[in-house]
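A.B. asks: Below is a structure I'd like to ask you about.
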Amino acid sequence: MIHPTAIIDAKAKLHDGVEIGAYSIIGPEVEIGENTEVGHHVVIEGPTKIGSGNRIFPFATIGTESQDQKFKGEVAYLEIGQNNTIREYVTINRGTAGGGGITRVGSDGWFMACCHIAHDCLIGDGVTMANGSLLAGHVIIKNYVSLGGLTGVQQFCQIGEYGFTGGQSMITLDVAPFSRVAGISAKLIDVNYIGLERRGFLPEEIEVINQAYKIYFRSGLTRNAAIEKIESELPESDHVRTFIDFVKASERGVCR
């Protein structure tokens, strides 16, 4: 299932069921997993490892070297998981020595046209990036995050699990798990109620998250006092613990 006009380097490794479209170029040190579909006019450079069941649409450019001016040609990697949809003109760069040497994209993601994932980004599972979303270097996106169209995320920012950004948001601080933010210099809107419901969260789970948010963001308490109040007054919850651990670890501060 390889089009005769495709150029496949002899050092590339293609597993069973891989399809390569017309005029695509697959470089050395590229490994593509079973049943992955690569459309026409796609460029994939290595070292890059792509898992099984992915769909890569025309004109995507994957595994090229970083756009970091500190990059000096060192060996760096890109890893992509399984069952992702990577639409037209998406660009994903390899890592750099200064960021751990690797860019990682999880599984079951949906990356719409013209998105960019820069060097050393770490992307979780089930992530959606709507058209034109842009990640600078060293960004961490946790599982099941949704980025609205034309969202821009500044380098070293993190977005916690089940976070949501409105269209044209500019993220310059960390986004706490389960939250919905929007705007230029994005501000907290509320808990991501709809996203949590769609992911099967129970009403009582959402309510505990909501209580934690009210204490942390709306009570007027200091950061440490709010965390202490959440830990002492709310019932034990894995989701609340995820929230507390995130805000404690944030070095940039979180969107409010």
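A.B. asks: Can you tell me which residues in segment 54-109 are free of Cβ contacts under 8 Å to residues at least 40 places away in the same chain, under 14 Å from the mean Cα position of the chain (by Cα) and part of a loop (DSSP other than H, G, I, E, B)?
C.D. replies: If the condition is that a residue be free of Cβ contacts under 8 Å to residues at least 40 places away in the same chain, under 14 Å from the mean Cα position of the chain (by Cα) and part of a loop (DSSP other than H, G, I, E, B), then Asn84, Val90, Gly106, Asp108, Gly109 are the ones that fit.
A.B. asks: Within segment 62-111, count every residue that is modelled with pLDDT under 95 and under 15 Å from Ser133 (Cβ atoms).
C.D. replies: Count: 0.
The values are calculated or read from the model by the stated rules, or taken from the named source; none is laboratory data. All figures in this text were calculated on a predicted structure; none of them were measured in a lab. Quick reminder, even Gly has a Cβ in these numbers, built from the backbone with ideal geometry, and neighbours come from all protein chains shown.
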